[in-house]
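Structure first, commentary second.
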Number of protein chains: 2
Amino acid sequence: MKSKLLVALVSVLVAVATNSYAGKDGVDFPQGYRNWLHVKSMLIQPGHALENPFQGIHHIYANGKAATGLKTGTYADGSVLVFDLLNYAEKDKTIQEGERKLVGIMHKDSAKYSGTGGWGFEGFAGNSKTERLVKDGGKSCFGCHAPEKGKDYVFSALRD
Amino acid sequence: MKSKLLVALVSVLVAVATNSYAGKDGVDFPQGYRNWLHVKSMLIQPGHALENPFQGIHHIYANGKAATGLKTGTYADGSVLVFDLLNYAEKDKTIQEGERKLVGIMHKDSAKYSGTGGWGFEGFAGNSKTERLVKDGGKSCFGCHAPEKGKDYVFSALRD
């Protein structure tokens, strides 16, 4: 019984620590996003203006609400889009996926993130679910997305 | 009533035509595969041995049974893997997806396709769901997959 109690106690402490790490306005790590709709992919090469940090091959994933948003152009609160960035290697006339560089997230919550178009922005380093990369509350992310106001600040478009 | 009858009749004729096109051993077009698990992606460049017809960026999708197979190494009948091949264009230090070249399919049915490792192979041209590309019952496809016998003839491996 003592060991069970200890496990329970440690679980609570880990949960508290993870939660405090996120902060009250933090965007959650998008659990299970690899099973969401794969929207599209793109490769950014060295020399691109967004090379740092976005050089690599990225895949865009949408949860159910975001998939609806991509069709209608309007995103309900709870819509989540993921920008999954991997390193790549050119080899024998192929380009192959490598290790994950970061996971970028847009999470729609009109009230909570009213200062950045209703979207919360976050990034997680590599395969970490706790090491957060966005330090300015998403202002710089939003700055780049702002021209896409007519598409509710989303760059990606649905394709067949 | 007459127009309804006509619509019903045309529907039946289309269904019969589609079915006869497939033939009794034909692999079905994988309806809805764009919502399946995105397994991985790869880009094949000009000059690669498989350039014709596989040059392009491809995404691999797995239905539920195939996703289980990727984890266990054993694929139940009904497992379907899709090789979704798109053209691409290099532009301004990016590589962007273009039009679809073909949709390749592996469909597991141990009895029906016992001559090709238990897998039925098929390809559909571009965005067509009826224009079939495989003319030899999948023998050449299987020839290339044969060295992967230890993985039940599947090249792809699951990644996070």
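Provide an ascending nm list, one decimal, of label-point separations from A:Thr94 to the equivalent residue in each further copy; define each label point as 7 Å from Cα along Cα→Cβ. Computed spacing set for this position: 2.6 nm. Here B:Lys129 and A:His48 are evaluated by their C-beta separation; at R0 = 45 Å the FRET efficiency comes out at 0.80.
With an 8 Å Cα cut-off and a minimum separation of 6 or more residues, compute the relative contact order for chain B in percent. Spell out each step's value before the answer.
Working: 267 pairs, mean separation 27.5, N = 160.
About 17 percent, as a whole number.
Distances, shortest first, from the label point of A:Ser110 to those at the same position in the other copies read 5.4 nm; the point lies 7 Å along Cα to C-beta. Distance between the modelled labels on B:Phe155 and B:Ala76, one decimal in nanometres: 2.7 nm (7 Å Cα→Cβ projection). Amide H contacts of A:Gly126 (H built 1.01 Å from N, in plane; Pro and chain starts excluded): A:Leu102, A:Val103 sit under 5 Å, all sequence-distant by 5 or more or on other chains. Sorted from closest to farthest, the other copies place their A:Gly78 label points 2.9 nm away, with each point set 7 Å from Cα along Cα→Cβ. Couplings for segment A:94-111, taken from phi via the Karplus curve 6.51 cos²θ - 1.76 cosθ + 1.60 with θ = phi - 60°, read 10, 10, 10, 5, x, 5, 6, 8, 6, 10, x, 9, 10, 10, 7, 8, 4, 6 Hz in order; Gly and Pro are left as x.
Here segment B:28-151 is assigned +1 on the Cβ of each Lys and Arg and -1 on the Cβ of each Asp and Glu. Its dipole about the Cα centre then comes out at about 280 debye. For the pair B:Asp136 and A:Ala146, what calculated FRET efficiency results from E = 1/(1 + (r/R0)^6), where r is the Cβ-Cβ distance and R0 = 51 Å, to the nearest 0.05? Efficiency, from the Cβ-Cβ distance: 0.40. Between 0 and 90 degrees, the angle of helix B:2-22 with respect to the longest Cα principal axis of chain B falls at about 40 degrees.
Take the Cβ atoms of B:Ser114 and A:Lys93, set R0 to 51 Å, and the FRET efficiency comes out at 0.90.
Measuring from the axis that maps chain A onto chain B, the chain A residue with the nearest beta carbon and its rounded distance in angstrom come out as A:His38, 2.
With N residues in segment A:28-151, what two-decimal value do you get for its Cα radius of gyration over 2.2 N^0.38 Å? Can you show the working numbers first?
Numbers: Rg = 14.7 Å, N = 124, 2.2 N^0.38 = 13.7 Å.
The reported ratio for this selection is 1.07.
None of the figures in this text is laboratory data; all of them are computed from the coordinates on show. The model shown is predicted, which means the values in this text are computed figures rather than measured ones. Virtual Cβ from ideal backbone geometry, glycine too; neighbours counted across all protein chains shown.
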